[in-house]
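The values are calculated or read from the model by the stated rules, or taken from the named source; none is laboratory data. No experiment lies behind these values; they were computed from the predicted model shown. In this analysis, Cβ positions are derived from the backbone assuming ideal geometry, glycine residues included, and neighbour counts consider all displayed protein chains. Note: accessible area is taken over every heavy atom of the protein model, side chains too, but ligands, DNA and RNA are not part of it. Shrake-Rupley method; radii C 1.70, N 1.55, O 1.52, S 1.80 Å.
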Amino acid sequence: MTKPDGARRELKQERALHTRAALVQAAAQVFAESGFAGASVAKIADRAGLTLGAIYFHFKNKESLAREIVRSQPEHVAPPLDSEGLQRAVDITLTWACRLMDDPILMAGARLVMDQQLFLDQTENSHDQWTRLLTEQFRIAQRRRELRASADVEVLAQVLVNACTGAQMHSQIESGYRDLPFRVEQIWQCFLPATAAPSAISRLQYGEARGRIKRSTLT
């Protein structure tokens, strides 16, 4: 007995999504290891165990794969604990720092940050992407009066992204990202006294528990 057309379409879509996800993961691994220039569509296909045709069905070229990886970065940085405002901004950075050690998508994003001019146009920028994400939480913090009245939330977000990017680069060289969560905490401890209300600072919590995503939360 044959399956109804609807069931066949659903199965086909499911297989296509699975193939696309496998390609993105394989591309992330190759980009993380070799950078943008050292990666090739052939290497990615080989890593995924798929044909070149499968890649070109889903992605036009390696540039579009790199764009997809950069675009999806925030989806891989969902803090495991509920929070908002200043605590949420802290939790986002700690989650990023903790996951960067073993998430190929985030590792690829870190490696590709210096190559963005090769595959992103002037309207796209991972720095702006992270800045917008943190600005949103700083606006909430501002409404909650967690920040000083004079704080410029967009500038604060830009400075924080710059600092985290620098910490990421040094941490990769010196410890393979193992000390990145500690470096991120140091950034906040230097950053907050000049920008946040003392009462808000005293309530903030740190530690890898704020950023370490348990596997059960991913299902």
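The table below lists the values:
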read-out: log₁₀ of I(q)/I(0) at q = 0.19, 0.24, 0.26, 0.30 Å⁻¹ - the stretch 100-156, Debye sum with one point per alpha carbon; value: -0.78, -0.91, -0.97, -1.13
read-out: Charge context of LEU180, other residues only, Cβ under 11 angstrom, K/R +1, D/E -1; value: -1
read-out: Most mobile listed residue (PRO80, PRO181, PRO193) in the chain, GNM with C-alpha springs under 10 Å; value: PRO193
read-out: Cα Rg over Rh - the stretch 11-89, Kirkwood; value: 1.09
read-out: Relative compactness, the chain, computed as alpha-carbon Rg over 2.2 N^0.38 Å; value: 1.16
read-out: Relative contact order for the chain, counting Cα pairs under 8 Å that sit 6 or more residues apart, in percent; value: 25
read-out: Amide hydrogen neighbours beyond the local backbone of ALA196, cut-off 5 Å, H modeled; value: ARG148
read-out: Carbon and sulfur %, accessible surface of the chain computed with the full protein complex present, 1.4 Å; value: 52
read-out: Vicinal HN-Hα couplings computed from phi for the stretch 196-206 (Karplus, 6.51 cos²θ - 1.76 cosθ + 1.60; Hz; Gly/Pro x); value: 10, 5, x, 5, 6, 4, 5, 8, 5, 10, 10
read-out: Trypsin sites (Lys or Arg not before Pro) restricted to the stretch 62-92 and DSSP loop, no more than 14 other C-beta within 10 Å; value: none
read-out: Per residue accessible area of the chain, 1.4 Å probe, in Å²; value: 56
